Every structure is written in C-alpha cells, then in structure tokens.
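To start, the structure itself, in structure tokens.
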Amino acid sequence: MPAPAPARHLLRGGGVAARETVEVVRAGYRAGSANETAVFNLFVSFGATFGVARAITHSIRRGVGPWRNVKVGRRHIHHFVWGILLALASGGVSIVLHDERLDDWLALPFGAGAALIADETALIVELSDVYWSDKGVLSIDVSLGTMTTLACSWLLVRLVRRGETTVLRVSG
C-alpha cells in the first residue's frame, strides 16, 4: 500500500479540483441557451430568496440580528408586497424591452419576487398572519413545489434544446 501524500499536496490538489470545477460550471452556464440560463437563474434566485426570507423572518421573530419588521405608521408591511413589486417591475421590463440577452438577468429579481410572494401564500389565502402556525406550512409547501417545478422546467428546456438540435440536424 502506498504511503499517503503529505497534507500540503492533498490541499493543493483540492484547490486545483475546486478551480477546475468552477471553470467547468462557468463554461457550462455560458454554453447554455438564453432560455436555459433564464430558468436556471429563476430557480437559483427563487431558492436563495426563499431561504434568506425564512432565515430573516426567524431572526426577526427571535429578536436576533439587525432585522426588524417594516412598518408604515402602525401597519406591518409583509414581504410579499416587496415580492409583488420586484416581480411586476422585472417582468414588465422584460416585456417592454423584449431582449433575450437581458431576460436571463431579469429572471433573478423576478425569481426573488416570486419567492417572497410564495413564502407568504398562507397569509394571502387565510387573510391572516399564520406564518408560524400550522396553517403557515402551506407557504412552505407552495415554495418547495415551485422550486421543484422550476428545476423540472430547467431540465425540460435542456431536453427540448437537445431534441431540436438532433431533429434539425437529421431533417436538415
């Protein structure tokens, strides 16, 4: 059995592997179609925003950290309001500009806005602040279902892209 390599060689090899992995992911992202990158960006921004919103809301509830509820006068402004604004603004810009090169980037604020809305689905359905109650689980269900749908959509877009390439090559 060969003697193990010194730790510095293993660490150096890990660093090389990490850099190569980042290069591969970046190249794969750049090689994707506009639709692929838009759906991927939507998926990532939705998932990240959902997680961050849950974490911030938890810290507000516990009184930990710099976060506080947003209030206008005595009225609490829920984060689905900011989600509506983000989604409408980015979706509107996408429709008005009709530029495929921008759509993959506009998918980021759109996905973030959609996540903020989905995270408060139970509040919208119940017309009551049930975020931390048993009824609030609806928001988690909707958000996880949306993330699953977005992941499947991303895969479907990739399959269609490959299928188009194959069919057009054969019939062309």
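The values are calculated or read from the model by the stated rules, or taken from the named source; none is laboratory data. Just so it is clear, the model here is predicted, and its values are computed rather than measured. Positions of Cβ are generated from backbone atoms using ideal geometry, with glycine treated the same way; all protein chains shown enter the neighbour counts. Surface accessibility is based on the protein's heavy atoms, side chains included, excluding ligands, DNA and RNA. Shrake-Rupley method; radii C 1.70, N 1.55, O 1.52, S 1.80 Å.
Summary table
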item: Selected from SER128, THR37, LEU102, residue furthest toward positive end of dipole (region 1-135; charges at beta carbon); result: SER128
item: Estimated dipole of region 95-161 in Debye, rounded to 20 [Cβ of Lys and Arg +1, of Asp and Glu -1, Cα centre]; result: 320
item: Projected-area mean, region 1-153, by convex hull of Cα positions, square nanometres; result: 14.9
item: Residues of the chain: accessible area per residue with a 1.4 Å probe, Å²; result: 68
item: Orientation-averaged projected area, Cα convex hull of region 122-172 (nm²); result: 4.3
item: Cβ charges +1 (Lys, Arg) and -1 (Asp, Glu), total dipole of the chain, debye; result: 600
item: Expected-Rg normalisation [2.2 N^0.38 Å, Cα atoms] applied to region 46-98; result: 1.43
item: Coil-residue chymotrypsin sites (Phe, Trp or Tyr not before Pro) of region 129-172, DSSP, other Cβ within 10 Å capped at 14; result: TRP132
item: Residue-span extension gain [ARG54 to ALA18] - 0.36 nm each, minus C-alpha spacing; result: 10.0 nm
item: Sulfur and carbon atoms: percent of accessible area, region 9-64 [1.4 Å]; result: 67
item: Residue-averaged 222 nm ellipticity for the chain, from DSSP H runs of 4+ at -39500 (n - 2.57), nearest 500; result: -27000 deg cm²/dmol
item: Whole-number percent relative contact order across the chain, with pairs defined as alpha carbons under 8 Å at least 6 apart; result: 26
item: Region 31-125, dipole about Cα centre (Lys/Arg Cβ +1, Asp/Glu Cβ -1), debye to the nearest 20; result: 880
item: Axial C-alpha extent at least 18 Å, average Kyte-Doolittle at least 1.0 - helices from the chain (DSSP); result: 79-97
item: Extended-chain gain in nm, criterion 0.36 nm per residue less alpha-carbon gap, ALA151 and ILE124; result: 7.2 nm
item: Over region 66-154, relative contact order from alpha-carbon pairs under 8 Å, at least 6 apart, %; result: 24
